[in-house]
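Structure, as structure tokens:
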Amino acid sequence: MSKRISTFFQPLPSKKLKPDATTTAQSSSSSSSTTTTVPPKPSTYTHHPSYPIPIRDPPSTIATPLLSNPAPRPPKALTNHPHLDLLYFQPFLPSPLARDLFQFLRNELPFYRVRYTIRRGGTETSINTPRYTTVFGVDDTSTFIIENSESTSSNSETSVQDETTNNLLDPPPANSPILVDSSTRTPLTESKSRYRCRPRPIPPCLDILRQAVEKATDDGTRYNFVLVNYYATGDDSISYHSDDERFLGQNPTIASLSLGAGRDFLLKHKPGAAGGTTDTDRAIANAAAKPLKFPLKSGDMLIMRGETQSNWLHSVPKRKGLQGSAGALGRINITFRRAVVPGGTENYYRYNVGDGEVYRWRDEEGKMVATTE
């Protein structure tokens, strides 16, 4: 019979964590010193009824450096264009940590290739999302809590450990986080839910990262959504857009972390002021005509703040030279946002989860594969 250990996911500590038993231990005697390798702890998994699969918790080799403020150098502030306010980390994560995190997330997260329809000029058009996506979180009006606990946090999680079989099909533990109203703490059951979608709590492997991003800026910014995009090849892309939806509030802050293969990130000013005669008008016209290009590498992070979303568009264009075979990396992009009303929750789950197949990474095939796990 498997042994279960339930743990409550704790906030970011103020001090650097000590290495755990997965590291090498030194033992000494009166005559000599020997090195003893301690066996790694069995993997633990976070279960939740809203997850299509249990999601493995990060090993200490990833979690410990993330909790220790990993950025090797301060970010560069970029405010030298009209309405632009960026923080540019080059990098935010050192190369070995970025590599390990990329491989871990690609292997462990459930992904989707969302299909949906939109109406253009009175005609319905079918859209196939040109990348793999997944999302976790819920807007400010709701939160996840452990039932019968005074601790309330959108990132509270339960980890389950099976030391013998690593069985991923076991039911979730009794104290799995439940969705409640943020103000009244009333449970949002299926019959009383304000959502058509099914919100999912942020799993520890992404929540540790969320805390690290919040700590790095230290400006009070808090995020309640984590969106993950996987670009398998250079054909996977995202067209010019801005994250200026009303459900994000005024002047939202959005952090964007790159892992894996490098890709260009383009920014261009929204048209509208071109043709004016002031220096600002001419600067805006130039920014709209010639995009800013950021060649993002693995571990780099851009944080877009202030009026950026209201006035700038951004994209990740196709790059035909990049392949997604077993010998190539692919790219993961993780964005952190804060939705303030239920409309944001509905939007993010519709366009990043949908109701289609679940995809998992398969090393032996070198690609994402639809699965029924």
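Remark: accessible surface ordering of V369, V180 (largest first) is V369, V180, probe radius 1.4 Å. For T221, the accessible surface of its heavy atoms amounts to roughly 20 Å² (probe 1.4 Å, protein chains only, rounded to the nearest 10). Sorted largest first by accessible area at a 1.4 angstrom probe radius, with every protein chain in place, the residues S142, S182 fall in the order S182, S142.
Net charge around G354, counting only other residues with Cβ within less than 9 Å of its Cβ (Lys, Arg = +1; Asp, Glu = -1)?
On the way: positive: R113, R115, R350; negative: D355.
Summing Lys/Arg as +1 and Asp/Glu as -1 gives +2.
Of the GluC sites (Glu not before Pro) found in the range 46-153, the ones in coil according to DSSP and having at most 10 other Cβ atoms within 10 Å of their Cβ are E150. Within the shell of other residues whose beta carbon sits under 9 angstrom from the beta carbon of T345, the net charge comes to -1, with Lys and Arg scored +1 and Asp and Glu -1. The range 56-96 and the range 188-228 have Cα centres spaced 18 Å apart.
Per-residue extension of 0.36 nm, minus the Cα-Cα distance of E307 and E124, leaves a gain of 62.6 nm for this segment.
Each residue of the range 226-243 is assigned a 3J(HN,Hα), and the resulting list reads 10, 9, 10, 10, 10, 9, 6, 9, x, 7, 6, 7, 9, 6, 4, 6, 9, 8 Hz, derived from the Karplus form 6.51 cos²θ - 1.76 cosθ + 1.60 (θ = phi - 60°), x at Gly and Pro.
Shown are K215, K192, K270, whose ranking by accessible area with a 1.4 Å probe and every protein chain present, most to least, is K192, K215, K270. Highest average first, the peptides 200-207, 94-101 ordered by how many other beta carbon atoms sit within 10 Å of their residues are 200-207, 94-101. Amide H to amide H, with H built 1.01 Å from N, I202 comes under 5 Å of G137, counting only residues 5 or more places away or on other chains.
Derived scalar couplings between HN and Hα for the range 47-62 equal 9, 7, x, 7, 7, x, 9, x, 10, 5, 6, x, x, 4, 5, 9 Hz in order, rounded to whole Hz, by the Karplus curve 6.51 cos²θ - 1.76 cosθ + 1.60 (θ = phi - 60°), x for Gly and Pro. A cut-off under 14 angstrom between Cβ atoms defines the neighbours of G306, and their net charge, with Lys, Arg +1 and Asp, Glu -1, is -4.
The values are calculated or read from the model by the stated rules, or taken from the named source; none is laboratory data. It should be emphasised that the depicted structure is a prediction, and the values quoted were computed from it without experimental measurement. Note that each Cβ is placed from the backbone with ideal geometry, even for glycine, and that neighbours are counted across all protein chains shown. Just so you know, the surface numbers come from the protein's heavy atoms only, side chains and all, with ligands and any DNA or RNA stripped out. Shrake-Rupley method; radii C 1.70, N 1.55, O 1.52, S 1.80 Å.
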